[in-house]
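What follows is one structure encoded as structure tokens, with my remarks underneath.
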Amino acid sequence: DAKTTQPNSMESNEEEPVHLPCNHSTISGTDYIHWYRQLPSQGPEYVIHGLTSNVNNRMASLAIAEDRKSSTLILHRATLRDAAVYYCILRDVRGYKLSFGAGTTVTVRA
Amino acid sequence: DAGVTQSPTHLIKTRGQQVTLRCSPKSGHDTVSWYQQALGQGPQFIFQYYEEEERQRGNFPDRFSGHQFPNYSSELNVNALLLGDSALYLCASSLGQGLAGTDTQYFGPGTRLTVL
């Protein structure tokens with residue numbers, strides 16, 4: 001599996017945007033970029049995914065670099081409920097598993 | 001919609017014993033994946049079941065086995081328990097059709113297994 005690199009932790013203030021970076025320099029042309037998050041004492045939940053173009057949904061936006069070697073998950077207005085571990089995952093179209101790394105622990109200050 | 005459910009919530013076993021964990025997928029889903037999450041780490045993929053067959057397996061020993069039933073529910077069995085098997089076991093469901101890299105997996109709350 002292609003590897004991703006994320007910062008261990010990030011802090012944000014409530015109602016401010018959060019930009020979570022992810023480096024994936026060995027990404028292949030068929031790898032999709034997925035983001036999941038895990039709130040305390042819960043299973044992971046899907047956030048967003050994309051291939052080449054930027055993507056938006058009700059939870060977040062995903063900005064993908066033109067060379068696809070990095071991406072950024074954007075939470076537009078952080079709330080206390082967004083405090084979680086965020087995982088950036090590359091998925092090949094031939095693979096069924098999710099390969100989680102250590103993720104980024106996001107803390108939101110009130 | 002009940003979402004993914006898992007039972008039991010917590011379980012305590014001793015070394016050498018065997019354990020069975022259960023998972024009911026989200027309504028309409030036909031695929032179940034199992035993950036192991038040690039404390040402070042990300043989940044690790046154990047295997048995935050689709051159409052009652054193991055479709056992909058992670059780097060886990062044969063002590064870990066599974067089953068999927070015709071109603072798509074699934075069991076994870078672990079034999080000869082070791083202390084290192086203590087972890088949160090997560091079940092995720094998804095739709096098996098379509099492009100593998102794009103499906104969304106929906107996770108249950110997990111079963112906390114403690115091996116003494």
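Across peptide A:38-48, how many C-beta atoms of other chains are within 10 Å of each residue C-beta, on average? It would help to have the intermediate numbers written out before the result.
Details: counts 5, 0, 0, 4, 5, 16, 10, 4, 7, 1, 1.
Mean shielding count: 5.
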Exercise for the section: Give me the Kirkwood hydrodynamic radius of the protein assembly as shown, using the inverse of the mean 1/r over all pairs of distinct Cα atoms, in Å to one decimal. Expected result: 18.1 Å
Exercise for the section: Please report the orientation-averaged projected area of the stretch B:51-103, defined via the convex hull of its C-alpha atoms, in nm². Expected result: 4.6 nm²
Handout entry: Among B:L21, B:L88, B:L11, residue whose mean-square fluctuation peaks in a GNM of chain B (springs only between Cα atoms under 10 Å)
Key = B:L11
Practice task
Please find, in a Gaussian network model of chain B (springs between Cα atoms separated by less than 10 Å), the residue of B:T31, B:T104, B:T20 whose mean-square fluctuation is greatest.
Solution key: B:T104
Problem - Area accessible to solvent at A:E45, 1.4 Å probe radius, in Å² - result: 60 Å²
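Provide B:Y50, A:Y36 ordered by accessible surface of protein heavy atoms (probe 1.4 Å), highest first.
If we order B:Y50, A:Y36 from most to least accessible, we get B:Y50, A:Y36.
The values are calculated or read from the model by the stated rules, or taken from the named source; none is laboratory data. Just so you know, these numbers come straight off a predicted model, no measurement behind them. All Cβ positions, glycine included, derive from the backbone under ideal geometry; neighbour counts span all protein chains shown. Surface areas here come from the heavy atoms of the whole protein model, side chains and all, with no ligands, DNA or RNA. Shrake-Rupley method; radii C 1.70, N 1.55, O 1.52, S 1.80 Å.
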